[in-house]
Amino acid sequence: MGKEKGKRNEKREGGRREKERKQLAGRCRAWWRGSSDKYNLISTLKMELDIQCEEINPSRWAELLSTMKSCKTIRLDDCNLSSSNCEDLSSIINMNPSLTELKLNNNELGDAGMEYLCKGLLMPSCSLQKLWLQNCNLTSASCETLCSVLSAQPSLTELHVGDNKLGTGGVKVLCQGMMNPNCKLQKLQLEYCELTGDIVEALNVALQSKPTLKELSLSNNTLGDTAVKQLCRGLVEASCNLELLHLENCGITSDSCWEISAVLSSKSSLVDLSVGDNKIGDSGLALLCQGLMHPNCKIQKLWLWDCDLTSASCKDLSRLISTKETLTEISLIDNNLRDSGMEMLCQALKDPKSKLQELWIRECGLTTACCKAISSALSVNKHLKVLHMGENKLGDAGVELMCEGLLHPNCNIQSLWLGNCDLTAACCATLGTVMATKQCLTELDLSYNSLEDEGVRKICEALRNPSCNVQQLILYDIFWSSEVDDELRALEESKPEVKIIS
């Protein structure tokens, strides 16, 4: 049921950087933050309880309840909580006026649990600002109680209720709560809520009355072009200074792109736009670029993964990268850009006006042929910090070429992803030189490559170098012997700051 939707959500690679990193780091955690000692409850007003992926039994729950009374932030994601736990949490919300953030994602709370929580949320003593209830088996019935909270609690500024079957009817009720003058909501996340285009009229009315709203995520709902056009017209007219708009997998085609472009050119506040997993094509991208290139547009993050783009779009993209100095992050994952398109992007990266810091070009049909251009760009561009190039057939020769640029003094790459790039042990010595030489490099992904014992040993040798500053090495699906496995474990023990994820 809801858990399966959660898994689908995490597979949306292009627009899910945070989730992907957590999946790769992939370790269920339970810790206290706010003091130097792991369980030392010093400075209680600053304490953060963060527990994930733990089935909490009754005795453990009783232990936690006593400490929650003084926490500022509580995170209990994927802890097998139910409606009965929500009754206790409601009391905590009421008793703890310092509690400002509550995360309960991936728990089967249900509508009954939501009823309990809202009793606490409606109390005058409640000061909660951020509420996360993603994938909690909520339905439209929960929207009535949430509407009451939105109407009564001006402290609540963030509501994350994605991955719940709220439906269009339920979210229309939420919109009524948003229209209340007491509501000061700034961030609303409604991904995977089974919404249709009929929701847009209610959303637009709410947007007109809500100048505080800064972030709106409607990804993975079947809105379609007609509704997205209507939404964009509403956004242009609305008084809100929207900063983030996510419309991934919303059934958008090039037909909507002119209206999205109008939002970009009229809302200088909009700095984060994601339209990934929509078939906008090269013609749609050309329309978007008209808005993106407008002087009013101050875009910083642009996600265009799996948008049916080809090398034909790279001329417009190159112009954008080389002239839009506010742009710091772009994702072009799973677009058929090919070597010719990548070469155009590299030329743009060499422009002094380019301030791009993150470039995501995984699975873009690249080969060794474009690696000389990439190397040249790396040797010139001082701003690029994150480069995702996985699932391209770069080969050892291509990575050897790239390493020339990576070793240049101008290059400041911190995170390099080369998973599934047809690499072998042959390029590992050169990669090791980069690791040992470039202290800026802190994260390296070499997953799904045939490195074998020889290659992994060369990487380990580089990690042992005192000059190496790599803190996270990702080696999924690489086969090595038990002897090499022992070496990896010993290396982690000798350098506890290094995480080897495999």
When the residues of region 381-421 are filtered to those that are of a type in the set (D, E, K, R) and either assigned to a helix (DSSP H, G or I) or outside the structural domain of Ser331 (by the TED database) (or both), which remaining residue is nearest to Asn335 (Cα to Cα)? Asp396
Those residues that are under 29 Å from the mean Cα position of the chain (by Cα) and of a type in the set (A, V, I, L, M), I need them from region 458-491; list them, please. Ile459, Leu463, Val470, Leu473, Ile474, Leu475, Ile478
Using the structure shown, decide if Ser59 is of a type in the set (S, T, N, Q) and closer than 17 Å to Leu117 by Cα. no
Could you say which residue among Ala397, Ala369 is open to solvent by 30 Å² or more (accessible area, probe 1.4 Å) and closer than 18 Å to Cys428 by Cα? Ala397
For region 268-279, state whether one or more residues are at pLDDT 95 or above, in contact with a helix residue (DSSP H, G or I) (Cβ under 7 Å, 6 or more places away or on another chain), surrounded by 24 or more Cβ atoms within 10 Å (Cβ to Cβ) and small (Gly, Ala, Ser). no
Any idea how many residues of region 328-339 are open to solvent by less than 10 Å² (accessible area, probe 1.4 Å) and more than 16 Å from Val275 (Cα to Cα)? 1
Of those in region 126-144 that are of a type in the set (S, T, N, Q) and open to solvent by 20 Å² or more (accessible area, probe 1.4 Å), the residue nearest to Leu247 (Cα to Cα) is Gln134
Restricting to region 448-486, and then to whatever is in contact with a strand residue (DSSP E or B) (Cβ under 6 Å, 6 or more places away or on another chain) and open to solvent by 30 Å² or more (accessible area, probe 1.4 Å), can you tell me which residue is farthest from Gly419 (Cα to Cα)? Gln472
Given the options Val205, Val263, Val271, Val228, name the one that is on the phi < 0 side of the Ramachandran plot and either under 17 Å from the mean Cα position of the chain (by Cα) or among the charged types (D, E, K, R) (or both). Val271
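Listed here are the residues, each with its yes/no results for (1) in contact (Cβ under 8 Å) with a residue 40 or more places away in the chain; (2) in contact with a helix residue (DSSP H, G or I) (Cβ under 6 Å, 6 or more places away or on another chain); (3) open to solvent by 10 Å² or more (accessible area, probe 1.4 Å); (4) of a type in the set (A, V, I, L, M).
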| residue | (1), (2), (3), (4) |
| --- | --- |
| Ser265 | no, yes, yes, no |
| His294 | no, yes, yes, no |
| Cys297 | no, yes, no, no |
| Leu302 | no, no, no, yes |
| Asp308 | no, yes, yes, no |
| Ser311 | no, yes, yes, no |
| Glu325 | no, no, yes, no |
| Met342 | no, yes, no, yes |
| Ala377 | no, yes, no, yes |
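The values are calculated or read from the model by the stated rules, or taken from the named source; none is laboratory data. Given the structure is predicted, the values throughout are model-derived calculations rather than measurements. Note that each Cβ is placed from the backbone with ideal geometry, even for glycine, and that neighbours are counted across all protein chains shown. Areas reflect the complete protein model, heavy atoms only, side chains present, ligands, DNA and RNA absent. Shrake-Rupley method; radii C 1.70, N 1.55, O 1.52, S 1.80 Å.
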